[in-house]
Amino acid sequence: MGSLLLRLLTPVGALAVAGCAALTPPPLATVAIDTQPAGATVLAPDGQRCTTPCALDLSRDRDWRLRVQHDGYQPVDVTVRSVQGGPEARPVAGNLVLGGQLGRGIDAATGATRRLEPAAISLVLERRGAPTTIPVPALPEGR
């Protein structure tokens, strides 16, 4: 009897788990990075790197500090923030029907209810050692 019950409940459990996987987006978000000039190296603290224009897949459950560097140009640090809500927060609605408190807790723990901002970064890099231009008011004529 126990074996028959197990055989009957196993497919139901598999469908329930598959349903949750379909409702929960991956805990990663893609952040696109573009620079002028192109060819800068982008470094993430977890060891990921790419050459612009490029994209990194970053975990949505934390903030990130990305380092953008290019030979002959000033390095730039960019902060990408993990924020609550947005289109990625939809799994919570699915959990109200299927997953209940357990599903909401898992989504919160994995970052499924969060998004990264900005999702796209565009930078104009400054040449290293380039003089800073300060606007100087013009002198009146005749002086």
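Coordinate-derived values only; no laboratory data. Everything quoted here is computed from the prediction, not taken from an experiment.
Structure summary
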| quantity | calculated |
| --- | --- |
| Extended-chain gain in nm, criterion 0.36 nm per residue less alpha-carbon gap, R62 and E141 | 22.7 nm |
| For T35, residues with placed amide H under 5 Å, excluding near neighbours | L123 |
